[in-house]
There are 2 protein chains.
Amino acid sequence: MADGAILLAGGSGSRMKGAVSDKVLVRLFGLPVILHSFRAFLRSGAVGEIVFVCRDDAQMSKIKSAIKRHFPKSSKKLSVFYVYGGKERGDSVINGLEALSDKQGLAFIHDGARPMLRAENILRLGEIARRDGAAVLASRVVDTVKRLSKASLSLSKCELEDLDRSRLWAMQTPQVFRAGAILKAYKAAKRAKLALTDDVAAASSAGIAVSIVENEFANPKITVPEDLAYIEFLKKGKK
Amino acid sequence: MADGAILLAGGSGSRMKGAVSDKVLVRLFGLPVILHSFRAFLRSGAVGEIVFVCRDDAQMSKIKSAIKRHFPKSSKKLSVFYVYGGKERGDSVINGLEALSDKQGLAFIHDGARPMLRAENILRLGEIARRDGAAVLASRVVDTVKRLSKASLSLSKCELEDLDRSRLWAMQTPQVFRAGAILKAYKAAKRAKLALTDDVAAASSAGIAVSIVENEFANPKITVPEDLAYIEFLKKGKK
């Protein structure tokens, strides 16, 4: 049974304010952002296939040539496929899942803009997902988070509801499922026109319970230009 | 009418792993952490009094001498008082509030371990609290946060509830109230033995609505040693 990873490279990156043309291709310690995740999967030995879900031809060819240059021998360890993203994030995930050769295996769905993924995270997620059926990398929420009541129409004189912090988790990626099961869930959600925030939401909508794998390490997503400097700062501290 | 600030310097700092003896006194750009907040209040001109709520005599005398050294002329602009903290955070806040000379004025309750406070935040909070009665500095939650169902006893096969991110806010400090009103709320909560996460929770328990002032700048709380390096990184980026 072959497990595979879906690396999402799409997304317009509009919040990057034009500072970089493509956040997953920007260089971080000499390697394009998305290839940090590729390297983690390669090192983990956990998957036999990796599917890059790309926004366009230009991005696809840049990723291809970067892999040839930085990981010339990677094809001995795993197969790499390239597909195009869809209109919504869910469409991109569906395209990626369709490309996996074994729908009975696990699919590690990962956001290419999270370069701090570690091989040990991948191995742990695989272990738990094989045992429980689905697993998500997540971190405990450390802030005091409150929820604005539905009745509050503005930020003035609000009713703020306390949320029990011990029950709050910030979702990260990878989010791992049986490929066939999550594909089915996504297709059903698409038919029902559900707006999904992430893959766990797709699983939940299909009644699939998900196990949490706590990540004690930072695993930020690059959204704004400052995030790149922050990741360089984090990486310097760890190495 | 005189407004005042309460700077909380207490807390055991046990999560600092013994790396520093007292997180609010550790030096950040040559100035003890808590005096960064003192300087912001001084610069803002918003308050006539500042009360330091200290954990013990040693801390109190260190703060006193640091103010003498770094802000020798500050006494021309505002009065500084020193009181001891209490057993719980709420007790410390009560002790600080009792020391304010004008209970009709605003009390800016601030965590001394948040050194990134800006004078402009203080001015904006004062403006809103004068208009609406209470204000809290807060930031939008950017992560996808889910809530574990009460029925989930472990992290295995969980039921994860989606929370509408547009309604989630991470509370920061200062949290600003009419001194007398928040003092009364804290005393009532203490009698009712309510466990309060923060001052907004005390206000909410007394039916006081609070206005949100969005802080678009990072305002982290120093909890673990890495937070100091992170703050140095943030400050370097801004200056």
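Out of the residues in segment B:93-141 that are basic (K, R) and away from chain A (no Cβ under 11 Å), state the one that is nearest to the chain's Cα centre (by Cα).
Across segment B:93-141, the extreme among qualifying residues is B:R114.
Considering only residues of segment A:210-219 that are within 19 Å of B:S154 (Cα to Cα) and more than 9 Å from chain B (Cβ to nearest Cβ), which is modelled with the lowest pLDDT?
This residue is A:E216.
Keeping to segment A:172-209, report how many residues are more than 8 Å from chain B (Cβ to nearest Cβ) and in a loop (DSSP other than H, G, I, E, B). Give the steps one after another, and end with the answer.
Initial filter on segment A:172-209 (more than 8 Å from chain B (Cβ to nearest Cβ)): A:172-196, A:199, A:202-203, A:205-208.
Still in the list and also in a loop (DSSP other than H, G, I, E, B): A:192-196, A:206-208.
Total meeting the criteria: 8.
Condition check ((1) in a strand (DSSP E or B); (2) surrounded by fewer than 19 Cβ atoms within 10 Å (Cβ to Cβ); (3) charged (D, E, K, R)) across all residues:
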{"residue": "B:R130", "(1), (2), (3)": "no, yes, yes"}
{"residue": "B:A138", "(1), (2), (3)": "yes, no, no"}
{"residue": "B:D143", "(1), (2), (3)": "no, no, yes"}
{"residue": "B:A151", "(1), (2), (3)": "no, yes, no"}
{"residue": "B:A170", "(1), (2), (3)": "yes, no, no"}
{"residue": "B:S211", "(1), (2), (3)": "yes, no, no"}
{"residue": "B:I222", "(1), (2), (3)": "no, no, no"}
{"residue": "B:K235", "(1), (2), (3)": "no, yes, yes"}
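Suppose the filter is within 14 Å of A:D3 (Cβ to Cβ) and at pLDDT 95 or above; does A:S79 pass it?
Yes.
Please specify each residue of segment A:101-133 satisfying the condition of being farther than 25 Å from A:L28 by Cα and touching an Asp or Glu at 6+ places or on another chain (Cβ under 6 Å).
A:G105, A:L106
I'm trying to understand the selection: among the residues of segment A:48-76, which are surrounded by fewer than 23 Cβ atoms within 10 Å (Cβ to Cβ), in contact (Cβ under 8 Å) with a residue 12 or more places away in the chain and outside any helix (DSSP H, G or I)?
A:G48, A:E49, A:R55, A:D56, A:F71
If you scan segment B:142-152, which residues turn out to be more than 7 Å from chain A (Cβ to nearest Cβ) and within 22 Å of A:V176 (Cβ to Cβ)?
Within segment B:142-152, B:S149, B:S152 qualify.
Only one of these is closer than 26 Å to B:F29 by Cβ and touching a Gly at 6+ places or on another chain (Cβ under 9 Å): B:V93, B:V83, B:V51. Name it.
B:V51
Need the failing condition index for B:A58 against (1) among the hydrophobic types (A, V, I, L, M, F, W, C); (2) more than 14 Å from every other protein chain (Cβ to nearest Cβ); (3) under 23 Å from B:D227 (Cα atoms), just the number.
In the conditions (1) among the hydrophobic types (A, V, I, L, M, F, W, C); (2) more than 14 Å from every other protein chain (Cβ to nearest Cβ); (3) under 23 Å from B:D227 (Cα atoms), B:A58 misses (3) alone.
For the condition basic (K, R) and in contact with a helix residue (DSSP H, G or I) (Cβ under 6 Å, 6 or more places away or on another chain), what is the one hit in A:R167, A:R147?
A:R147
Taking the stated definitions as given, is A:G180 buried (at least 17 other Cβ atoms within 10 Å of the Cβ), touching a residue at least 12 places away in the same chain (Cβ under 8 Å) and of a type outside the set (A, V, I, L, M)?
The answer is no for A:G180.
Go through B:K190, B:K157 for me and flag whichever is over 19 Å from the mean Cα position of the chain (by Cα), within 22 Å of B:E98 (Cβ to Cβ) and of a type outside the set (G, A, S).
One residue alone meets the criteria, B:K190.
The values are calculated or read from the model by the stated rules, or taken from the named source; none is laboratory data. Model, not experiment: these values are computed from the prediction. Note that we place each Cβ from the backbone using ideal geometry, even for glycine, and neighbour counts take in every protein chain shown.
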